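Computed from the coordinates by the stated procedures, all read-outs in this text should not be read as laboratory data. Owing to the predicted nature of the structure, the values given are computational and were not obtained by experimental measurement. Cβ sites come from the backbone with ideal geometry, for glycine too, and all protein chains shown count toward neighbours.
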Amino acid sequence: MKAVVLREFKKPLAVEEVGQPQPGTDEVLIRVEACGVCHSDVHVADGDWAQFAKIVKTPLIPGHEIAGVVVEKGAAVQDLQIGDRVGVPWIHWTCGECEFCREGNENLCRRQKITGVTVDGGYAEFVKAPASHVLTIPDSLSSIQAAPFFCAGVTVYRALKRANILPGQRLAVFGIGGLGHLGVQFGQALGVEVAAIDISEEKLALARSLGASATLNAATTNVIKELRDRGGVHVALVTSAARASYDTAFYGLRPTGTLLVVGLPADPICFPPILMAAGEVRIQASTVGTRQDLREVLVMAAAGKVRCQVAARPLADANEALNQLRRGQVSGRLVLAPT
């Protein structure tokens, strides 16, 4: 089969002919129809996050936002049939036995396998996955539309869900890219007032079209003052990887506000403890999501409450897609479509 392969960090990926995976007794073989291109793929390819790089399988087929069709299944698979449309998320497999799995936080399982990181992913014509951890895609969603929800969508949704934001409260979304433009829509669906912050007028126009009540260009506007003049925000969702976004978001919070750490800057973020204490603010991180979170996301997407802006590319364009992410030129989500 044709696949895009990472053989060495910081080097271009190679389009190669490789062996087609063979599913085990509890696995399914999926013909990939779409695989989202995520900023995490850039970090994987570039060998960023030194500790993280140690677990990357090499050679590796990247990609963890996968949508496709089951074409073969193992003898023990009962809940899925040939022809079912399914998706494969970042969390490839979890043990179901550890403390975190038993608490309902399988995204923190210490034994988890990660799609496109510790096992081969979806930058290919076929991928295999445990039947227990793939999810059925609603008929109303195309594979190209559905794929980004298996990482970008569930990541933003879980962060907002755990923040317990209430209808009528104020949300600021920093960075209107693949995650941020979904954050605006999830905020709308939750009934909150959404302010979108970016340095690109094109991305801010997208945010307005998605229902943001305010759009602020951080390059030309005093964002902290604007947010404070509105009373500060109850929740600041930072999807940007720029450290400056975190500095701005922190000072735009109202007392008792929550700063959601989703975007991952290369440098550490730091806030004055005296101000954290004085405002009783919370700094809360979130990582992808569980299968239950993803089921909820797919229900919302199927109902038309959230829709990903997607552009499809052939597998051969994988390197250019990653370069567009590096340059910050993607306002929605790119997907690779092998067929």
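Summary of computed values
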{"quantity": "Whether segment 154-285 is rounded, prolate or oblate, judged on the alpha carbon gyration tensor where a/c under 1.5 counts as rounded", "calculated": "rounded"}
{"quantity": "Ranking of 270, 308 by count of other Cβ atoms within 10 Å, fewest first", "calculated": "270, 308"}
{"quantity": "Viscosity 0.890 mPa s, temperature 25 °C, Stokes-Einstein D of the chain from Kirkwood C-alpha radius, µm²/s", "calculated": "121"}
{"quantity": "Potential extension, residue 102-residue 209 segment - 0.36 nm per residue separation minus Cα distance", "calculated": "34.4 nm"}
{"quantity": "Segment 1-104: chymotrypsin sites (Phe, Trp or Tyr not before Pro) in DSSP coil with no more than 15 other Cβ atoms inside 10 Å", "calculated": "9, 49"}
{"quantity": "Inter-label distance for residue 48 and residue 230, nm, one decimal - labels placed 7 Å from Cα along Cα-to-Cβ", "calculated": "2.7"}
{"quantity": "Cα centre as origin, Lys/Arg/Asp/Glu Cβ charges: segment 154-285 dipole, Debye", "calculated": "340"}
{"quantity": "³J(HN,Hα) computed for each position of segment 67-76 - Karplus, 6.51 cos²θ - 1.76 cosθ + 1.60, integer Hz, glycine/proline x", "calculated": "9, x, 10, 5, 10, 7, 9, x, 4, 8"}
{"quantity": "Fewest-first sequence of 30, 55, 269 by Cβ atoms within 10 Å of each Cβ", "calculated": "55, 269, 30"}
{"quantity": "Segment 154-285, relative contact order in percent, only Cα pairs under 8 angstrom and at least six apart counted", "calculated": "23"}
{"quantity": "Theoretical gain in end-to-end length, residue 292 to residue 307 [0.36 nm per residue, Cα-Cα removed]", "calculated": "3.5 nm"}
{"quantity": "Average Cα contact separation per residue, the chain, under 8 Å, 6 or more apart, as relative contact order %", "calculated": "19"}
{"quantity": "Furthest towards positive pole of dipole, 134, 302, 210, structure part the chain, Cβ charges", "calculated": "210"}
{"quantity": "Segment 273-283 - phi-based ³J(HN,Hα) in whole Hz, Karplus 6.51/-1.76/1.60, Gly and Pro as x", "calculated": "x, 4, 6, 4, 5, 4, x, 6, 7, 10, 10"}
{"quantity": "Helical contribution to [θ] at 222 nm, DSSP H n ≥ 4, -39,500 (n - 2.57), averaged over the chain, rounded to 500", "calculated": "-7500 deg cm²/dmol"}
{"quantity": "Placed amide H near residue 313: partners under 5 Å, 5+ positions off or other chain", "calculated": "335, 336, 337"}
{"quantity": "Unsatisfied cross-links (Cα-Cα over 21 Å) in the set 2/54; 10/203; 128/161; 11/54", "calculated": "2/54; 10/203; 128/161"}
{"quantity": "Candidates 283, 176, 197, ranked by Gaussian network fluctuation over the chain, Cα under 10 Å, top entry", "calculated": "283"}
